Amino acid sequence: MWIGIISLFPEMFKAIIDYGITNKGIKKKLLTLNFWNPRDYTKKKYHNVDCNIYGGGSGVILKAEPLIKSIHAAQYKVNNSAKLFYLSPQGKKINKSYINNLLTYKNIILLCGRYKGIDERIINYYIDEEISIGDYILSGGELPAMVLIDILTRLIPGVLNTKSSNDTDSFFNNGLLDSPHYTRPRILKNKEKVPEILLSGHHKKIQEWRLQQSLGNTWLKRPDLFKKKKLTKEEKILFNEFKNKLIKKNL
Ligand code: 4FD
């Protein structure tokens, strides 16, 4: 996947370029990030990238021309084939199916706004889709862009070594939260034990326990998700057992 990024602060992306899974994806050439800074497309450097808004009021927005030049430069790199996205609190909120749709594009450009945003005409005439990572305001589109890139990278085939590592994670395990995990030592602080079943080597029983914990966890921590989930007969049995064990424990 090729991602063009239009940002006034490309240095911020060091956070994903230099570390972790995104770093690995770039090294494996499964992910390419290229940057364009609207600041480089202003006449008087450092004086022309933002401006106060017509009609009055506080705050500035990014001016149209440097953004248009950046968009053209980025598109030129991929023969004008990229889909152009604008990260904004007013965008369509991303979810699992939206992400899977994004994953089908070979080339995308992410435009990161700053201050109060960008000239509306850019949105009207250049942006293909306006997207949001959630209902909160951040100081720029850079963090949302990085969130998006991290999400996408983990789903690009070949980036994660274990094929199944991401499909058992929360939300990908058919709409349930993940089950708890434990590692050495077996006993912590002389009393906190690892659940016996996990040390048994009984693969089938462990799988069942994990599904039961996923169901119980989702019910306790995310009742909204649990309500949406249609349970199979086996899952209903496991869930009822979870509730009964919980009641017994609390008596
Ligand atoms: N929730 C998000 C995206 C960007 C952002 C900005 C208008 C502010 C949150 C356009 C106002 C962009 C999000 C930059 N904050 N801040 O996805």
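Looking at the stretch 180-219, the pairs of alpha carbons with a distance over 14 Å make up 53% of the total. Each peptide in 5-14, 117-126 receives the mean, over its residues, of other Cβ atoms within 10 Å, and ordering these scores from highest gives 5-14, 117-126. The dipole here belongs to the chain: it is taken about the Cα centre, uses +1 on the Cβ of Lys and Arg and -1 on the Cβ of Asp and Glu, and is about 1000 debye. For the stretch 2-161, with the dipole built from +1 on Lys and Arg beta-carbon atoms and -1 on Asp and Glu ones, taken about the Cα centre, which of Ile3, Cys112, Leu62 lies farthest toward the positive end? Ranked along the dipole, the leading option is Ile3. Taking 0.36 nm per residue of separation and subtracting the current Cα-Cα distance, fully stretching the chain between Glu129 and Leu103 would add 7.9 nm. For the chain, the direction-averaged projected area of the alpha-carbon convex hull comes to 19.1 nm².
Pull out the extension gain between Cys51 and Arg186, defined as 0.36 nm times the separation in residues minus the alpha carbon to alpha carbon distance; nm, one decimal.
Numbers: separation 135, 0.36 × 135 = 48.60 nm, distance 6.06 nm.
This chain segment gains 42.5 nm when fully extended.
Just the C-alpha atoms of the stretch 168-250: what Rg/Rh do they give, with Rh taken as the Kirkwood radius? Working shown, then result.
Numbers: Rg = 13.6 Å, Rh = 13.8 Å.
With Rh from the inverse mean 1/r over Cα pairs, Rg/Rh is 0.99.
Distance between the modelled labels on Gln207 and Asn161, one decimal in nanometres: 2.4 nm (7 Å Cα→Cβ projection). Most tightly packed first, judged by the mean number of other beta-carbon atoms within 10 Å of their residues, the peptides 85-93, 133-141 read 85-93, 133-141.
Placing +1 on the Cβ of each Lys and Arg and -1 on the Cβ of each Asp and Glu in the chain, which of Ile99, Ile53, Pro185 has its Cα farthest towards the positive end of the resulting dipole? Value computed over the given set: Pro185.
If I take R0 = 22 Å and measure r between the Cβ atoms of Asp18 and Val78 in this structure, what FRET efficiency does the formula 1/(1 + (r/R0)^6) give, to the nearest 0.05?
Details: r = 24 Å, r/R0 = 1.10.
So the FRET efficiency works out to roughly 0.35.
Stick to the Cα atoms of the stretch 78-200, pair each with every other, and give me the Kirkwood hydrodynamic radius in Å at one decimal.
Taking every pair of different Cα atoms in the stretch 78-200, averaging 1/r and inverting gives 17.5 Å.
Scoring 30-42, 72-84, 183-195 by mean Cβ neighbours within 10 Å over their residues and listing the highest first yields 30-42, 72-84, 183-195.
Find the Rg to Rh ratio for the stretch 48-108, where Rh is the Kirkwood radius over alpha-carbon pairs and Rg uses the same atoms.
Details: Rg = 15.3 Å, Rh = 14.2 Å.
Dividing the radius of gyration by the Kirkwood radius yields 1.08.
Bear in mind these aren't lab numbers, they're just calculated from the coordinates by the rules spelled out. Nothing here was measured: the structure is a model prediction, and the numbers come from that model. Using ideal geometry, Cβ is built from the backbone for each residue, glycine included, and neighbour counts are taken over all protein chains shown.
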